[in-house]
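Accompanying notes for the structure given below.
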Amino acid sequence: MDLSNPMREVYWNITGKNLMYVLLVPVLVAFFRGFYSKYRLWKIGRPTRRRDNWRRRLAGFFRGAVVQEKNFRDRYSGWMHFFIWGGMLVLFIGTANVALDEYLGVPTMEGLFYLYFQSLVLDVFGLLAIVGLAMALYRRYVVRPPRLHRTPQDAVFLGLLLLVLVTGFVIEGLRIAVTEDPWAAWSPVGWAFAAAFRATGMAAETMVGLHRFSWWFHLALAFAWIACVPYTKLTHLVTSPANIYMRSLGPKGRLEPINLETAEFLGASNLRHFTWKQLFDLDACTECGRCQDACPAHATLKPLNPKAVVLDLRDYMHEYGPLYLRRAQDDPWAAPAETPDGRPVPVMVGAVIAEDALWSCTTCRACMEACPVEIEHVPAIMDMRRFLAMDQASMPEGMADAIRSLETRGHPFRGTGGARTDWLQGLDVPVLDLSAGGGTRGAAGGAGADGAGPDADFDVLWWVGCAMAFDERNQKVARSLARVLHRAGVRFAILGNREKCTGDAARRIGHEYLFQTLAGENVATLNQALGNGRPRRIVTACPHCYNTLKHEYPDFGGHYDVVHHTEFIRELVDSGRLKLDGEVRETITFHDPCYLGRYNDVYDAPRKTLKDLSGAEVREIERARESSFCCGGGGALVFVEERIGTRINQTRARQAAETGARTVCTACPFCMTMLADGLKTTSGDEVQALDLAELVDRATAPAGPAAVGAGTGASPGDGSR
Amino acid sequence: MNIVVCLKQIIDYEIPPRAFRIDRQKKKPAMPDASLVIGPFDENALEVALQLREKAGGGRITAVSMGPESAIEALRKALAVTADEAVLLSDPAFSDLDPFGTARVLGAAIKKLGGADLVLTGRQSGDWDAGQVGQLLAEELGAPCVNFAFRAEPGGDGRVRLYKETPGGAEILEAGTPVVATVTNAETNQLRLAKVRDLMAANRKPVPTWSAADLGLDPAALAAGRIEVLDLYVPTYDARCEFVTGETPEDKASALARRLVELKLV
Ligand code: SF4
Ligand code: SF4
């Protein structure tokens, strides 16, 4: 042995190693067959493009699948998972190196590379993998967090993997013990095992025999484990990284439009109605339960659990998917009715996924934000809702009322008995007159003087939104914002009666038809209002309008520069047009509206403004920013009476009140409605909900009588009345 | 079973008084932008018809509306919730008809349709709220009339079973056909939402328009039954506050009494 060239003899003590390749054949057959049958199931879905823009995809792949950022949001599981998969990956590379050495003559098994990588690094990573597995077992079977459920499968493949790793070290230890490997110290774990074997006083022949047995045993276990991959949740080894690569790159807030003229089905009521990517999602789930933990509906005992939605659909696909492969006779979009032995196939929407579950979703996106493998729960839930809303005309009562009102009145507030411009009485809010030759006219039913010539007298179109216009509490926010805009010298106008609901409510209920009708009317109006002349922006105080105007109207010919009022106010402050001089002595916490934060990544603008308020102390709620907990009003649930479980808005109100803040600031009219109610029912008048515009109104109010009493509740500085 | 449902298109009844605009000269509402809706009880009538057709396992529902061109939207909505056909009765001679005239026109249309086993109307229109057309229509058709029905089922021997609201309960009647029923609202008869497929199909369905001539009605004769609106205004409510003074409680009381007498309130 040349002591200057570190090495080891590959396949020491092993005879008949070619048997290994014979054994590998069935393993590979099982592996590829498993994935092929999955592939056939995914192909049941409709086409969609998910391979464009490879640069962005690769960047996301790196963050999601390599660095695994989202996994590390939970430190423990982040490291645990990193140890296991990192260890496995390094060991796999080590094994591949052996093959390189053996068949291609690449000298991986000698020299410094052998010493540092093949011995030291592999040993360390093998140990880390064992540590990771121990952490996993401890967590799953001792800590037992609710988000993990336990199936026999989990125990089997965790145990199997542990055995594979341990036997690997046993083999190494025996080899070192018998061969008295001079470089043993470079394999510290193997060296320790060797020391242990020697300490037993085992005879060398016994060790040689044991080594040979362990080697084959290790091989068999490893092969069994690989064969298991496509048949257990280990599938995620392959599908999860792929899923991250193929994630949606579109704006988060955009739902895929349906071409209603050509649609052969509406929404999704069986597997054929999903895209192949939606079916692929199901097999990419790691069952980690992060989505379940994030879900406000699940936290308040609703029959919705995003993890269960994914897994139930997955099980349905695995069990009944093969029946879909036989083309249906008459309707190519129909689901199979029964199994070959005459059992009925359960209906997907209604039996596999309960209608109540679908109607409990606030579309808050917390699940998708939490999911480490980029599974898209919300579009899937929305597709099933679309089926219910459009094909079945079935939905909760409150939503049906909203739809009725939208159909006839263009706003979802049934029975408000108000007019769209009621809120601006007494304020100087110019209403754009889009009739021929119009300009703007003053508020209050045309009582004010006409503005300047047509098209010349405003820079910013303020999209007021139905909730701001019709809901009493939110009308105060609109009035505050009007005053703030005036103080900053912003030349703005509103559309008055020509504004219709953007259709967010209709769309999130699942009523795409009504949404597209409203979108069409609004796009025509907006294109007329903004069409000629210099580019103008749209400002809105409603994150739902914001999201729809910005991300969904482009599909219908409306391309606008849209800002949310929290961003706009920030700009006004930054540019010095708005001076936050007034004192606002409050402890404030900010509730992130889902459609502003998670959907549109606006987190900092409102916070910065709050911090700029003199006298204000800002505190963060535990679940803030990306992990914000929905107010309960999204997905048109603001119109529905919450009948099942506890109430989401009360849960959120308690979380906010726990900060000790006396003011919960938000920036969404639905959040306002939900939180004001939640706070009233949980903490009486102790804690109030205010919109950012109202706080800024206070901070910018001119000193004098108007400011007196500004702190007395929900209508700060309403002095211009 | 042939069912005819009479619908009236009206100005959105949710418009609050302060937003209601009237042209005092023409004595007509002046809100060109206002939404037009189906009268609320007429919607209930339509739902009762739809449920009856389901329970009977078949039947034919025809929606009929007398009104201006715009009323075709009300009929489309009826088609969208799967009424089988719709007819618009529109003619300048039909404007401002009193309930007798309206019943005459509707009656003529129903006869032209070949009669009906059951005719449903709302208990009142939702705008003028006269509440007479249903009964007068029954007269016109020579049929019995059941008021305040909220539910209908197939009865024995081709009869119709009608549930009728009474103070504190319901009466269940069986009527031979033809019969007219005016419908009131109940939890069970809020008009369903349309399925989108039906909604889109409804937009493509033809809706014939029948004029006075089509119905064989003489415009001059109809003109006799025209309503003349003397005045139309939004009622205003005034609140004034007056303090009644006096040295002693007795003084105050008698001062108050005097004031109330002056105001002719007692
Ligand atoms: S969007 Fe929100 S409510 Fe809906 S399933 Fe996901 S976490 Fe739950
Ligand atoms: S859907 Fe995503 S977050 Fe939910 S359990 Fe599966 S992998 Fe985890």
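Within the set B:Lys26/B:Lys112; B:Lys27/B:Lys205; A:Lys38/A:Lys307, which residue pairs have Cα atoms separated by over 25 Å?
On the way: B:Lys26/B:Lys112 34 Å; B:Lys27/B:Lys205 35 Å; A:Lys38/A:Lys307 20 Å.
Going by Cα-Cα distance, B:Lys26/B:Lys112; B:Lys27/B:Lys205 fall outside the 25 Å limit.
Taking the convex hull of the Cα atoms, report for the protein assembly as shown its projected area averaged over all directions, in nm². Working shown, then result.
Details: hull surface 230.4 nm².
Over all viewing directions, the protein assembly as shown projects a mean Cα-hull area of 57.6 nm².
Among DSSP beta bridges whose residues both lie in chain A, state the antiparallel percentage, nearest 5. Don't skip to the end; give the middle numbers.
Values: 4 of 29 bridges.
Here the antiparallel bridges make up roughly 15 percent for chain A.
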Along the principal axes of its C-alpha atoms, what lengths does chain B span, in descending order and rounded to whole Å?
79, 45, 40
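Can you list the GluC sites (Glu not before Pro) in the range B:161-245 that are in a DSSP coil and have 15 or fewer other beta carbons within 10 angstrom?
Values: sites: B:Glu165, B:Glu171, B:Glu174, B:Glu187, B:Glu228, B:Glu242; in loops: B:Glu228, B:Glu242.
Loop-located and lightly packed - B:Glu228, B:Glu242.
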Enter the Cα centre distance for the pair the range A:204-257 and the range B:139-206, rounded to the nearest angstrom.
64
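Let a ≥ b ≥ c be the square roots of the eigenvalues of the Cα gyration tensor of the range A:404-718; is it rounded (a/c under 1.5), or, if not, prolate (a/b larger than b/c) or oblate?
Working: a/c = 1.68, a/b = 1.20, b/c = 1.39.
Here the range A:404-718 falls in the oblate category.
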Go ahead and collect, in residue order, the members of the range B:93-136 whose backbone nitrogen is under 15 Å from a label point 7 Å along the Cα-Cβ direction of B:Ser211.
B:93-95
Can you spot the aspartates and glutamates whose alpha carbon is less than 16 Å from B:Lys77's alpha carbon? Ignore those fewer than 8 places along the same chain.
A:Asp401, A:Glu407, B:Asp12, B:Asp42, B:Glu43, B:Glu47, B:Glu69, B:Glu85, B:Asp198
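Please report the net charge: other residues with Cβ closer than 12 Å to the Cβ of B:Leu120, K and R +1, D and E -1. Write out the running numbers ahead of the final one.
Values: positive: B:Arg53, B:Arg123, B:Arg151; negative: B:Asp42, B:Glu43, B:Glu47, B:Asp117.
Net local charge, B:Leu120 excluded: -1.
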Aspartates and glutamates near A:Lys302 by alpha-carbon distance under 19 Å, same-chain residues fewer than 8 away left out - which ones?
A:Asp293, A:Asp312, A:Glu355, A:Asp356, A:Glu397, A:Glu641, A:Glu642
Under the rule of at least 5 residues apart or a separate chain, name every residue whose amide H is placed under 5 Å from the amide H of B:Arg151.
B:Tyr163
What does the charge count around B:Leu162 come to, taking other residues whose C-beta lies under 9 Å from its C-beta (Lys +1, Arg +1, Asp -1, Glu -1)?
0
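Provide the FRET efficiency to the nearest 0.05 for the B:Arg204-A:Glu397 pair, computing r from the beta carbons and using R0 = 35 Å.
Values: r = 30 Å, r/R0 = 0.86.
Efficiency, rounded to the nearest 0.05: 0.70.
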Cα-based reach from A:Lys17 at 13 Å (exclusive), listing aspartates and glutamates while leaving out same-chain residues under 8 positions away:
A:Glu102
Degrees separating the helix A:236-245 axis from the principal Cα axis of chain A, which is the longest one:
40
Label point distance in nm, B:Ala220-B:Arg21, each placed 7 Å from Cα along Cα→Cβ:
4.0
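Less than 13 Å Cβ to Cβ from A:Cys545, Lys/Arg counted +1 and Asp/Glu -1: what total charge do the surrounding residues give? Walk me through the numbers before you get to the answer.
Numbers: positive: A:Lys500, A:Arg507, A:Arg508, A:Lys550; negative: A:Glu499, A:Asp504, A:Glu552.
In short, +1.
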Need the C-alpha centroid separation for the range B:40-88 versus the range B:238-266, integer Å.
56
How big is the gap, in Å, between the Cα center of the range A:649-675 and the Cα center of the range A:311-360?
41
³J(HN,Hα) across the range A:498-506 via Karplus (A = 6.51, B = -1.76, C = 1.60, θ = phi - 60°), whole Hz, x for Gly/Pro?
7, 7, 10, 3, 4, x, 3, 4, 4
Need one number: nm distance between label points at B:Asp84 and A:Trp333, each 7 Å from Cα along Cα→Cβ, rounded to one decimal.
2.8
Among beta bridges assigned by DSSP with both residues in the range A:404-718, the antiparallel ones amount in percent, to the nearest 5, to 10
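At R0 = 41 Å, how high is the FRET efficiency between A:Arg212 and A:Asn53 if r is their beta carbon distance? Nearest 0.05 is fine. Display every interim value, and only then the final one.
Details: r = 52 Å, r/R0 = 1.27.
After rounding to 0.05, the efficiency reads 0.20.
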Averaged over A:506-514, how many beta carbons belonging to a partner chain fall within 10 Å of each residue's beta carbon?
1
With each label point set 7 Å from Cα along the Cα-Cβ vector, what nm distance links A:His559 and B:Arg259?
6.9
If you look for lysine pairs in the range A:404-718 that are eight or more places apart or on different chains, how many of them have Cα atoms under 24 Å apart?
9
Beta bridges per DSSP with both ends in the range B:1-85, % antiparallel, nearest 5:
40
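Each reported figure results from applying straightforward, stated rules to the coordinates on display, with no laboratory input. Keep in mind it's a predicted model, so treat the numbers as computed, not measured. Virtual Cβ from ideal backbone geometry, glycine too; neighbours counted across all protein chains shown.
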